[in-house]
Amino acid sequence: MKFENDSDFADYSLEEIKIDYDKIAIEIRREKKYRIDCLHFLAISYIGQWDENIIENVFITENDDFIAEVKSKIKKNNNINFKGGGTRDFNADWICLTIRLIDALEIKIVCSDVEINGC
């Protein structure tokens, strides 16, 4: 199902992040376990992990500075502005999923779509 910004994941625990060619799968758990899939991702930023894996908030934005930074880096490194790998369109509308932990760490993922499923 589509991810909605009004979902409440405060106090959930970040259990696992799996990265493959076309998606990043994130498992979170409290009483129930969920898998958040970031489809057709371009980048992930995960800097500053210390000792907390407790989630404060999870949300999607369409105008995050990280999106522009990622697109600029891809364009510079690859000199592209076209469809790549058969699944990604550089000029598509990209979104940024942010997982904010209680110690202020923000995990950011730029992708084309986000789905969430109960496990």
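At-a-glance table
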| quantity | calculated |
| --- | --- |
| In region 1-56, the GluC sites (Glu not before Pro) that fall in loop regions by DSSP, at most 16 other Cβ within 10 Å | Glu4, Glu31, Glu52 |
| For region 11-44 and region 53-68, distance of Cα centres in Å | 13 Å |
| Given charges at beta-carbon only (K, R positive; D, E negative), |dipole| of region 2-51 in Debye | 140 debye |
| Apportionment of accessible area to carbon and sulfur, the chain, percent (1.4 Å) | 45 percent |
| Where chymotrypsin sites (Phe, Trp or Tyr not before Pro) fall in DSSP loop in region 1-52, at most 11 other Cβ within 10 Å | Tyr21, Trp50 |
| Average accessible area per residue (Å²) across the chain - probe 1.4 Å, nucleic acids and ligands excluded | 59 Å² |
| Per-residue ³J(HN,Hα) for region 35-47, Karplus 6.51 cos²θ - 1.76 cosθ + 1.60, θ = phi - 60°, Hz, x for Gly and Pro | 10, 9, 9, 9, 8, 6, 6, 9, 6, 9, 10, 9, 10 |
| Volume in Å³ per residue [convex hull over Cα atoms, computed for the chain] | 107 Å³ |
| Proximal lysine pairs, the chain, alpha carbons under 20 Å, eight or more residues apart or interchain | 19 |
| Binned Cα-Cα distances of region 1-49, short to long, each 10 Å bin given as a whole percent | 22, 53, 25, 0 |
| Summed side-chain charge close to Asp11 - residues other than Asp11 whose Cβ falls under 11 Å, Lys, Arg +1, Asp, Glu -1 | -1 |
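The values are calculated or read from the model by the stated rules, or taken from the named source; none is laboratory data. All figures in this text were calculated on a predicted structure; none of them were measured in a lab. Glycine also receives a Cβ, built like all others from the backbone with ideal geometry; neighbour counts cover every protein chain displayed. The accessibility values were calculated without ligands, DNA or RNA, using every heavy atom of the protein model including side chains. Shrake-Rupley method; radii C 1.70, N 1.55, O 1.52, S 1.80 Å.
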